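The values are calculated or read from the model by the stated rules, or taken from the named source; none is laboratory data. Keep in mind that what you see is a predicted model, and the values were worked out from it rather than measured. Note that we place each Cβ from the backbone using ideal geometry, even for glycine, and neighbour counts take in every protein chain shown. When the accessible area is computed, the model is the full protein with side chains, heavy atoms only, and any ligands, DNA or RNA have been set aside. Shrake-Rupley method; radii C 1.70, N 1.55, O 1.52, S 1.80 Å.
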Amino acid sequence: QVQLVESGGGLVQPGGSLRLSCAASEDIFRFNHLGWYRQAPGKERELVARITRVGGVNYADFVKGRFTISRDIAKKTASLQMNSLKPEDTAVYYCNGQLIVPSIKGSLEVWGQGTLVTVSL
């Protein structure tokens with residue numbers, strides 16, 4: 001079973017930094033893309049950043065210039081470096097991957113269990 005496991009969440013003060021990591025159980029080239037979503041209390045889950053199979057990246061407007069997504073192919077990980085954190089960045093952050101499934105000529109969404117990021121004094 002394909003798994004994505006997040007790590008790196010925690011409590012940080014406003015203006016601080018955190019680095020989230022997502023470890024895949026499969027070769028990351030098996031995914032069309034890997035990315036990070038977040039869900040704050042009472043709000044819908046939203047895309048934060050995504051990196052495609054060929055290395056293209058895109059970011060939500062609210063994190064541009066502050067967050068950076070990257071990947072390590074050998075380690076099968078996708079990371080999210082978060083700088084200049086704000087209280088409104090507080091949320092559960094989920095790793096997401098769109099797994100290519102040749103047998104169905106399609107893809108499946110895979111989610112991690114989530115990691116909590118709290119930005120507070």
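If the limit is 28 Å between Cα atoms, which of 43/105; 43/76; 76/105 go over it? Spell out each step's value before the answer.
Values: 43/105 33 Å; 43/76 30 Å; 76/105 23 Å.
In this structure, 43/105; 43/76 exceed 28 Å between Cα atoms.
What part of the accessible area of the chain, given as a whole %, is carbon or sulfur when the probe is 1.4 angstrom?
Numbers: 3310 of 6460 Å².
In the chain, the share of accessible area belonging to carbon and sulfur is 51 percent.
Using Stokes-Einstein with the Kirkwood hydrodynamic radius over Cα pairs, what translational diffusion coefficient do you get for region 17-79 at 25 °C and a viscosity of 0.890 mPa s, in µm²/s rounded to a whole number? The partial results should precede the final answer.
Values: Rh = 12.4 Å.
It diffuses with D of about 198 µm²/s by this estimate.
What is the dipole size for the chain, taken about its Cα centre, with +1 at each Lys and Arg Cβ and -1 at each Asp and Glu Cβ, in debye to the nearest 20? Walk me through the numbers on the way to the answer.
Values: 14 positive and 10 negative charges, 44 e Å.
In total the dipole reaches around 220 debye.
Please list 70-76, 29-35 highest first by mean number of surrounding beta-carbon atoms within 10 Å per residue.
Working: 70-76: 13.3, 29-35: 19.4.
Top of the packing list down: 29-35, 70-76.
What ranking do 59-67, 109-117 get when scored by the average of other Cβ atoms within 10 Å per residue, highest first? Please list the in-between numbers first.
On the way: 59-67: 14.3, 109-117: 16.3.
Per-residue Cβ counts within 10 Å, averaged per peptide and sorted highest first, yield 109-117, 59-67.
Which value, in debye to the nearest 20, gives the size of the charge dipole of region 22-65 about its Cα centre, when Lys and Arg are +1 and Asp and Glu are -1 at the Cβ? Numbers along the way, then the final one.
Values: 7 positive and 5 negative charges, 13 e Å.
So the magnitude is around 60 debye.
Given H placed on each backbone N at 1.01 Å, which residues far from residue 16 in sequence or on other chains put an amide H within less than 5 Å of it?
85
Please name whichever of 13, 40, 52 sits farthest to the positive end of the charge dipole of the chain, dipole taken about the Cα centre and charges placed at Cβ: Lys and Arg +1, Asp and Glu -1.
So the residue furthest toward the plus end is 52.
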